[in-house]
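Structure first, commentary second.
Just so it is clear, none of the values below were taken in a lab; they were calculated from the coordinates. This one's a predicted model, so the numbers in the text were calculated from it and none came from an experiment. For neighbour counting, all protein chains shown are included, and Cβ atoms are generated from backbone atoms with ideal geometry for every residue, glycine included.
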Amino acid sequence: MDCLAFACLAGVTLVCALAVVTLRNVLHSALFLGLSLAGVAGLFASLGADFLFAAQILIYVSGIAVLVLFVVLMAGRHSELHLRQTNKQWLPALAVAGLALWSVTKVAQGFRIEAPSLRQPTTRALGKLLMGDFAVPFELVSLILIAALIGAIVFTRPETE
Amino acid sequence: MTLAHYMTVSGLLFAIGVFGALTRRNIIGILMGIELMFNAANLNLAAFNRFLAPAGVVGSAVTLFTMAVAAAEIVVGLALVMAIYRNMNTVYAEDINLLKG
C-alpha cells in the first residue's frame, strides 16, 4: 500500500514536471507546474511531514502556481502558442541534467535504509523550534519577504515622470 | 520504501528542472524550471529528516525557510518579467540583449 502510494505520487510529480519543460503552450506548462507541486505535497505527506504538506499546498500550489498563471496570461500572446519554446542548446542541457541525475543516483546507492517507525505529528515541535532556537532566522525570513514585497511593487510600478 | 527511492525521485525532478531552465526560451519557463529545482531540494531535505533524524524537525524547519526564499525569488522574478515585458515587449530570453557589444 505504501509502495503503491509512493509510486503514484512520484509518477504524477515526474510526468507533470516533464510536461512543464516540454509543452509548447506556456499556459499548459503553468497548469502542469501546479499539478507537479501538488504531487510533491503528496510526497511530503507520505514522509509524515504534515506541516510541510500544508505549507506546500498553501505557498506553492495556491500561491506560486497561481502567480505564474497570472503572469502567463498577462504577458502571453496568441500568436506565440505554436512557436518553438526551446532553444538549440538541448544537447548540452541534456548532458548537464544527466550528470546531475547520475551523481544523485550514485550517492543514493549508499542510502538503502528503511524508514523508522512513524513518528508523531510535527507541527507542535516545529512551532517550538521556530520560536526557540530558530527565532533569529525566522525573523530574517520575514525581513526577506518584506524586501521582496517592496521590490515587486517598485519593479511593477508605472513610471510617472 | 527506502531513502534511495526518495533521493532518486528528487534527483529526477532536479534534472528535469535543470533541463527546463537551460532550454526554455521563455523567461517564465525558466522560472518554472527553477521552481522544480527548489522542490527537488525541499523533497530531499524532508526525506533526510524522516529517515536519518526522525526524532527532530530541523529538516522541516530548513525546508520552510527554503520555501520562503523561493516565494521571494519567484515574486521578484515575475515582477522583473512584467517590467521587461512592458519596456521591451518580449518575454524571450534571447531578445533581451541591451548589453551586447
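Here the contact order of chain A, divided by its residue count and restricted to Cα pairs under 8 Å and six or more residues apart, works out to 19 percent. In the elastic network of chain A, a GNM with C-alpha springs shorter than 10 Å, the most mobile of A:Val71, A:Val20, A:Val104 is A:Val104.
In this label model, B:Val58 and A:Leu73 are separated by 4.4 nm, measuring between points 7 Å along each Cα→Cβ vector.
Quote the charge dipole size of chain A about the Cα centre in Debye, to the nearest 20; the model charges only the Cβ of Lys and Arg (+1) and of Asp and Glu (-1). Could the numbers behind the result be given before it?
On the way: 10 positive and 8 negative charges, 81 e Å.
Around 380 debye, computed over chain A.
Each 10 Å bin from zero holds the following percent of Cα-Cα pairs in segment A:4-57: 29, 46, 22, 3.
Please order A:Val154, A:Val15 by the number of other Cβ within 10 Å, starting at the fewest. Kindly include the intermediate steps, with their values, before the conclusion.
Values: A:Val154 11, A:Val15 14.
Taking fewest neighbouring Cβ atoms as first place, the list is A:Val154, A:Val15.
Taking label points 7 Å from Cα along the Cα-to-Cβ direction, A:Ala7 and A:Thr123 give a separation of 3.3 nm. Expressed as a whole number of Å, what is the distance separating the alpha-carbon centroids of segment B:1-48 and segment A:54-92? Going from one Cα centre to the other spans 15 Å. Structural descriptor for chain B: relative contact order 27 percent, calculated from alpha carbon pairs under 8 angstrom and at least 6 residues apart.
Taking Cα atoms only, the orientation of helix B:27-52 departs from the longest principal axis of chain B by about 10 degrees.
Over the residues of chain A, the helix contribution to mean residue ellipticity at 222 nm works out to -22500 deg cm²/dmol, using -39500 (n - 2.57) for each DSSP H run of at least 4.
Across the options A:Gly132, B:Thr63, B:Leu22, the greatest Cα extent toward the positive end of the charge dipole of the protein assembly as shown (unit charges at beta carbon of Lys, Arg, Asp, Glu) belongs to B:Leu22. In chain B, the ratio of gyration radius to Kirkwood radius, Rg to Rh, stands at 1.12 when only Cα atoms are counted. If you wrap the tightest convex hull around every Cα atom of the protein assembly as shown and split its volume per residue, you get 145 Å³. Relative to its Kirkwood radius, the Cα radius of gyration of segment A:122-161 gives an Rg/Rh of 1.32.
Under a straight-distance cross-link criterion of Cα-Cα below 28 Å, which lysines are reachable from B:Lys100, leaving out those fewer than 8 residues away in the same chain? Straight-distance partners of B:Lys100: A:Lys88.
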